[in-house]
Amino acid sequence: MNRPVLEKNLKLSRRDFIVGSAAIANGGLALGMRVPFDAAHADTSASASQVNIWVAIKPDDTCVIRIARSEMGQGTLTGLAQLVAEELECDWSKVTTEGVTPGQNLAAKRAWGEMGTGGSRGIRTSQDYVRRGGAAARIMLMQAAANQWNVAASELTFSKGVISHAASNRSVRYGQVAAAAAQLTPPDPKSITLKDPKNWTIAGQPLKRLDTADKLDGSKIFAIDLKLPGMLCAAIKDCPVYGGKLTSFDESKVVGMPGVKKVVRVKDTAVAVVADTWWRAKKALDALPIVWDEGPNAAASSATIAEMLKDGLGASTTNGDRHNGDALKAIAEAPKKVEAVYSTPFLAHAPMEMMNCTVKLSADRADAWVPTQNLEASLAALSETSGIPLNKCEIHRHDLGGGFGRRGGTQDYVHQAVEIAKSFPDTPIKLIWSREEDQAHDFYRPISQCRLSAGLDNDGNLLGLHVRISGQSINALLNQKGIVGGRDMRQLQGYYETPGDAQLGYDVPNLLIEYVMRNSHVPVGPWRGVNTNQNAVYMECFMDEVARAAGKDALEFRRALMKNHPKHLAVLNAAAEKGDWGKPLPPGIHRGLAQFMGYGSYSAAVSEVSVSPQGKLKVHRIVLAVNCGHMVNPGQIEAQAQGSVAYGLTAALYGEMPVDKGRMTNLNFDTYEIMRLAEMPKVEVVLVPTYDFWGGVGEPTICVVTPSVMNAIYAATGKPVRSLPLKNVKLV
Amino acid sequence: MAKLNINGTVREVSAEADTPLLWVLREHVGLTGTKYGCGIAQCGACSVHFNGEVQRSCQIPLGQITEADKIVTIEGLSEGRSHPVQRAWAAVDVPQCGYCQSGQIMAAAALLAQNPKPADHDIDAAMTNICRCGTYQRIREAVHMAADIGTTGKRG
């Protein structure tokens, strides 16, 4: 395509773009548009015919399916391709994919819709328009064949990329009519009837991922692996205490070191060494004398933050609640009361590929290569910090070496890389954070404490429940408009009354759930599962405490509260059944269960653990049931559920980022321990889809892992576990 | 100028003696399949075969390597991803993000070279690399499958 012509027509200002980034894409608009694909970035050679923005077909029938979302291991790339291919009715063995860049999307007025990949939305919020894209391309291919044969399109049949006309015994392959199809007017997407998922043959199948091969021989180029002509590398240190500043550094001590080019101040808080290799840059950075002004938070510690949270448990004002009846009165008057205080720590994301970004700035052009969960936010960051207009900026896609929520909206490492690159015009600068920097400057899973109290009648029925969370708010730091009238309901994720997203699965006659905001100086952000993790621990572990006080079985006690929540209940029942709830156990093994909802999907788990007389925990087996509505790739749903066990259990067993003298500690994997293969329990994933909604997959299952294990420990020891990580808890 | 035998080819490298083999491979030789994950021998993303043993290359300084040492990286493990471990990894669809998988595959290949039919506890002991996506269960399955491929020649 002729890029400058498109740019001339580009009417979107940066403000429009950023505002627009939050909106859901208009798929209908996207489909109706003719958007030439930028050949400079596309694998699609000149020989490929772009049927529409989602599909290009080569003469050899290769179907190139365009993917707008980011791939970080979660399998969205394969799932989205399955959805397009399902409606396209092509030969799956001929499918390849190609990533759309945010510059292309911007130039096409966001024809590919939203690119942000978080909140388990990658498939569920784009499924409708990508399926219509595949169907529209198929209709155009059919029409092209009909025109060629001068017959009605309704007389044609299609299968696996071949169009046939039975009456004349003719057939043609997609690759043979793609060029003609590309010239046709696209159908009105609203006129398209999508296939009933019951009739899917490509989607819905546990197909192998499309992106495995180059992960097997080291040939996959992650952003951290990028090598560009003339490229220099940067290592960075930001002030170890948030709120502090860089006072000074003594460049003279390192300028003569091998490969070192320059020491660069990065905004007010950080310093970077730029060298010909990253190792040399890091070595010089380690040798660089730096003076920090640690600022007002230098005395903060885990203990001071815990005191702040404790204060919130007794505060007179709250920042969001849901309630029915009069829980406080019901509990006060109840013949039997249960009360407990729980806590969960800050956690780092620790994706295997640490933060990195390569930036090249020229007088009127900015390019960045970055692992990002939000390509458009990266583009905006590149433009904002470089001062170069959005339409002269581009983000070059790289799949991520893990994301888990770390690489979404904040783009802090992109801003840094651009700042550094300003000192080196026309030179690509690759900024890589050390693991220590990555651990020290995360946006951590928020810390919180939770006080719960319950009142029971003499028959063990739950009369009232009061839940009060005092904790740090993600919205307060990253999305203030998410706090409405002082109420930050995101913190009550999983406790909502409204169905569909993160609804509490219990009816309690008198219920009060409150959030009290208490923010420390430590930055927080979304961490796989976000607030469902902590909230599931609080609700589900306390449920077991209350059930025990009521003298009831943990499953039966829950069931009595779930009559009006059939989907929650069905998943809990599925986990209980496959998890052998109530059946005899081998000596020393104990079970625990949990259920919760998040990201539009329902999850439940039954865990089996043993606790040795010395207090050593072993998790033997986890049965994890999930209903995500429609299933695009059961194999990948299973993989995500298995992975969520590892990520969740790592946090449960070991995860904490303590604060000492204002700074984060546990800066590498020797102290921020990660679960290894030997500790991985046998995970049995039970898929119980009801095919009547679109739920997420990447995040919903993680939140039930930890409480089910904690409840199994409670069953084993008779002692509830109320704080994490478990390595700090004396189990017996 | 140091001489290193990498994947059967002798390469000349000009870098400081304290440069870890990991960074020699990535930044001087151009083999980026070997990954940086921690730099302190915890995660195993940098695993290579060093004289037939799996080693964490972030802990081997260039100055301690001689031309007699045989280094094999993920890029040199096989032609066309044909090693039984790579075939099993593909068959089981092990990788998620893939970042740690070079190291996982090198660790598994070294295990099978020593122990062609490992039991679960052998896999537990040998496969100590970190995977944040949590592919451990499929890694275990794939190691068993690779053992079958290796001992019976069965296709993965």
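Points worth noting:
- Among residues of the stretch A:255-273, those that are more than 14 Å from chain B (Cβ to nearest Cβ) and in contact with a strand residue (DSSP E or B) (Cβ under 8 Å, 6 or more places away or on another chain), counted: 13
Residues checked against (1) farther than 30 Å from A:G75 by Cα; (2) touching a Lys or Arg at 6+ places or on another chain (Cβ under 7 Å):
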| position | (1), (2) |
| --- | --- |
| A:L569 | no, yes |
| A:A594 | no, no |
| A:E608 | no, yes |
| A:P613 | yes, no |
| A:K616 | yes, no |
| A:V623 | no, yes |
| A:V632 | no, no |
| A:A641 | no, no |
| A:A652 | no, no |
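- The stretch A:215-253: number of residues that are more than 14 Å from chain B (Cβ to nearest Cβ), touching a strand residue (DSSP E or B) at 6+ places or on another chain (Cβ under 6 Å) and part of a loop (DSSP other than H, G, I, E, B): 3
- Residues within the stretch A:350-366 that are more than 14 Å from chain B (Cβ to nearest Cβ) and out of contact with any Leu (no Cβ under 8 Å at 6 or more places or on another chain), tallied: 5
- Residues of the stretch A:380-410 that turn out to be farther than 19 Å from A:I221 by Cα and in contact with a Phe, Trp or Tyr (Cβ under 8 Å, 6 or more places away or on another chain), as a count: 6
- On the stretch given as the stretch A:564-610, residues that are of a type in the set (S, T, Y) and under 22 Å from the mean Cα position of the chain (by Cα) total 4.
- Condition check for A:L288: in contact (Cβ under 8 Å) with a residue 12 or more places away in the chain and within 14 Å of chain B (Cβ to nearest Cβ): no
- Identification of strands (runs of 3 or more DSSP E) wholly contained in the stretch A:377-468 with 2 or more residues that are within 14 Å of chain B (Cβ to nearest Cβ) and crowded, with 22+ Cβ neighbours inside 10 Å yields A:429-432.
- Taken across the stretch A:286-306, residues that are closer than 30 Å to B:E16 by Cβ and surrounded by 17 or more Cβ atoms within 10 Å (Cβ to Cβ) do occur, with at least one present.
- Yes/no for A:A327 being within 14 Å of another protein chain (Cβ to nearest Cβ) and either of a type outside the set (K, R) or buried (at least 17 other Cβ atoms within 10 Å of the Cβ) (or both): no
- Any chance B:G98 is crowded, with 24+ Cβ neighbours inside 10 Å, without any contact (Cβ under 8 Å) to a residue 12 or more places away in the chain and either closer than 14 Å to B:A45 by Cβ or among the small types (G, A, S) (or both): yes
- Residue in the stretch A:225-237 that is closer than 30 Å to B:W89 by Cα and surrounded by 15 or more Cβ atoms within 10 Å (Cβ to Cβ) present: yes
- The residue of the stretch B:9-40 that is surrounded by the most Cβ atoms within 10 Å (Cβ to Cβ), among those that are closer than 14 Å to B:G63 by Cβ and of a type in the set (G, A, S), is B:A15.
- Flag for A:A476 being more than 14 Å from chain B (Cβ to nearest Cβ) and in a strand (DSSP E or B): no
- Restricted to the stretch A:653-699, and to residues there that are more than 13 Å from chain B (Cβ to nearest Cβ) and basic (K, R), the residue that is nearest to the chain's Cα centre (by Cα) is A:R663.
- Inside the stretch A:77-95, residues that are in contact (Cβ under 8 Å) with a residue 40 or more places away in the chain and either more than 30 Å from A:Y647 (Cα to Cα) or within 11 Å of chain B (Cβ to nearest Cβ) (or both) make up a count of 12.
- With a requirement of 2 or more residues that are over 32 Å from the mean Cα position of the chain (by Cα), the helices (runs of 4 or more DSSP H) lying completely within the stretch A:264-352 that satisfy it span A:278-287, A:327-333.
- Any hit, the stretch A:510-518, residues being charged (D, E, K, R) and under 30 Å from A:F443 (Cβ atoms): yes
- Some residue of the stretch B:117-134 being facing chain A (nearest Cβ under 7 Å), basic (K, R) and touching a helix residue (DSSP H, G or I) at 6+ places or on another chain (Cβ under 9 Å): yes
- Residue match in the stretch A:635-646 (condition: away from chain B (no Cβ under 12 Å) and either assigned to a loop (DSSP other than H, G, I, E, B) or in contact (Cβ under 8 Å) with a residue 60 or more places away in the chain (or both)): yes
- Scanning the stretch A:120-162 for residues that are free of Cβ contacts under 8 Å to residues at least 24 places away in the same chain and of a type in the set (G, A, S), we see that the one that is farthest from A:C90 (Cα to Cα) is A:A152.
- Test: residue in the stretch A:192-203 that is touching a residue at least 60 places away in the same chain (Cβ under 8 Å) and within 14 Å of chain B (Cβ to nearest Cβ): no
- Out of B:A88, B:A68, one residue alone is more than 24 Å from A:A281 (Cβ to Cβ), in contact (Cβ under 8 Å) with a residue 60 or more places away in the chain, more than 9 Å from every other protein chain (Cβ to nearest Cβ) and crowded, with 24+ Cβ neighbours inside 10 Å. It is B:A88.
- Some residue of the stretch A:701-714 being within 30 Å of A:I202 (Cβ to Cβ) and at pLDDT 95 or above: yes
- Test: residue in the stretch B:43-53 that is touching a residue at least 12 places away in the same chain (Cβ under 8 Å), at positive phi, surrounded by 16 or more Cβ atoms within 10 Å (Cβ to Cβ) and small (G, A, S): yes
Here is a yes/no grid of residues against (1) facing chain A (nearest Cβ under 7 Å); (2) more than 19 Å from B:K70 (Cα to Cα); (3) in contact with a Phe, Trp or Tyr (Cβ under 8 Å, 6 or more places away or on another chain); (4) not acidic (D, E):
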| residue | (1), (2), (3), (4) |
| --- | --- |
| B:N5 | no, no, no, yes |
| B:G8 | no, no, no, yes |
| B:E12 | no, no, no, no |
| B:E16 | yes, yes, no, no |
| B:V24 | no, no, no, yes |
| B:G33 | yes, no, no, yes |
| B:G37 | yes, yes, yes, yes |
| B:Q42 | yes, yes, yes, yes |
| B:F50 | no, no, no, yes |
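- Within the stretch A:672-727, the set of residues being surrounded by fewer than 24 Cβ atoms within 10 Å (Cβ to Cβ) and of a type in the set (S, T, N, Q) comprises A:T690, A:T717, A:S723.
- Count - residues of the stretch A:375-410 that are within 19 Å of A:E353 (Cβ to Cβ) and among the hydroxyl-bearing types (S, T, Y): 2
The values are calculated or read from the model by the stated rules, or taken from the named source; none is laboratory data. As the structure is a computational prediction, the values presented were derived from the model and not from experiment. Cβ sites come from the backbone with ideal geometry, for glycine too, and all protein chains shown count toward neighbours.
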